[in-house]
Amino acid sequence: MTQPYQDIAQNYNAVRQTLAQNVELVVVSKTHDAATIQRVYDLGQRVFGENKVQELIAKQAELPDDIRWHLIGHLQTNKVKQIAEFIDTIQSVDSERVLTEINKQAERYNRTIRVLLQVKIAEEETKYGLEIHETKELFHRYLAGDFPHVQIDGLMGMASFTQDQAQLHKEFSMMKHLYDHLSAQSALTTLSMGMSGDYQTAIKCGATSVRIGSAIFGARS
Ligand SMILES: *Cc1c(COP(=O)(O)O)cnc(C)c1O
């Protein structure tokens, strides 16, 4: 359930205060309506993350134009064209096919789309994402000039759903290691890892961007 507005404002400010200046906050607004998102916008937030294309399109139409929308959920190739004109960042690039399509649609709209490669770090089988070797291969093709209308700015990952700090540490550190490895070939800016339950650990392991929903809006129903 979405919490009363005073609580959302309090939660938002509390989360902000725990983040260092150089850590980007992506507020994950999935399942919450435009009016609720507007309230967080009014507190100064401009970067919001959604995981479903239809929901994202509906909200984008209703909310201010200076919101920088991030897609954080699995993207089907045939839906790329629906968001290509306005999307700020696609964090969930999990295949060569979808990256090829993003590149194609970006060209159609005469723009460059910023993306992150989603890396599979969790032990759970259900999580989307590229294997480490696939991430390296895709990045090398990008460096070779295969996707001229996208800008790969970094990596995104979701850790296992666990409280086990050692496990989280292991998964986030694996991402950081890969990030540093790729950064040595071409500078990256964004390591997106950490959600409401694990963002403190993610930041300790090197996250530069966190995606936070329920710690601000309350648990989703
Ligand atoms: C829902 C979601 C989040 C935010 O999760 P919370 O636990 O509500 O903070 C972050 N990243 C992705 C990819 C998500 O789907």
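Do you know the relative contact order of region 35-168, to the nearest whole percent, from alpha carbon pairs under 8 angstrom that are 6+ apart? All intermediate terms of the calculation are to be shown ahead of the outcome.
Numbers: 211 pairs, mean separation 25.8, N = 134.
This gives 19 percent for region 35-168.
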- [ ] Excluding residues on the same chain fewer than 8 positions from Lys104, give the lysines whose Cα lies under 20 Å from its Cα.
- [x] Lys79, Lys81
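Kirkwood-based Rg over Rh for region 1-92 (C-alpha set), two decimals? Write out the running numbers ahead of the final one.
Details: Rg = 13.4 Å, Rh = 13.8 Å.
Radius of gyration over Kirkwood radius for region 1-92 works out to 0.97.
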Task: Separation of alpha-carbon centers, region 13-39 and region 203-221, rounded to whole Å - done: 8 Å
Open item on the list: Need the list of aspartates and glutamates near Lys204 for cross-linking: C-alpha distance under 18 angstrom, and skip anything on the same chain fewer than eight residues off.
Closed with: Glu24, Asp164, Glu171, Asp180
- [ ] Find how many whole Å separate the alpha carbon centroid of region 173-195 from the alpha carbon centroid of region 98-150.
- [x] 14 Å
Open item on the list: Counting C-alpha atoms alone, how compact is the chain: give Rg to one decimal and Dmax as a whole number, in angstrom.
Closed with: 16.8, 50
- [ ] For the chain, set up a Gaussian network in which alpha carbons nearer than 10 Å are linked by springs, and say which option among Glu50, Glu96, Glu137 fluctuates the most.
- [x] Glu137
Open item on the list: Below 8 Å, C-alpha to C-alpha, sequence gap of six or more: please give me the relative contact order for region 104-221 in percent.
Closed with: 23 percent
TODO: Under a cut-off of 14 Å between alpha-carbon atoms, report the aspartates and glutamates in cross-link reach of Lys30, not counting same-chain residues fewer than 8 places apart.
DONE: Glu50, Glu55
Open item on the list: Please list, short to long, the whole-number percent of alpha-carbon pairs of region 65-168 in consecutive 10 angstrom bins beginning at zero.
Closed with: 15, 46, 28, 10, 1
Open item on the list: Using only DSSP helix segments of four residues or longer, with each worth -39500 (n - 2.57), what per-residue ellipticity at 222 nm results for the chain after dividing by its residue count and rounding to 500?
Closed with: -12000 deg cm²/dmol
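What is region 158-221 by shape, rounded, prolate or oblate, if you read a ≥ b ≥ c off the alpha carbon gyration tensor as root eigenvalues and call it rounded for a/c under 1.5, prolate for a/b larger than b/c, and oblate otherwise? Display every interim value, and only then the final one.
Working: a/c = 3.11, a/b = 1.67, b/c = 1.86.
Note, shape of region 158-221 comes out oblate.
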Task: Column: log10 I(q)/I(0), Debye, Cα scatterers of region 101-150, q = 0.23 Å⁻¹ - done: -0.87
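To the nearest whole percent, what portion of all C-alpha pairs in region 14-55 is separated by more than 12 angstrom? Mind showing how you got there, number by number?
Details: 551 of 861 pairs.
That fraction is 64 percent.
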Open item on the list: Compute a Gaussian network model of the chain, connecting alpha carbons closer than 10 Å, and tell me which residue from Glu124, Glu24, Glu107 fluctuates the most.
Closed with: Glu124
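Bear in mind that the values in this text are calculations on the coordinates, not laboratory data. Computed from a prediction, not measured in an experiment: that's the story for all the values here.
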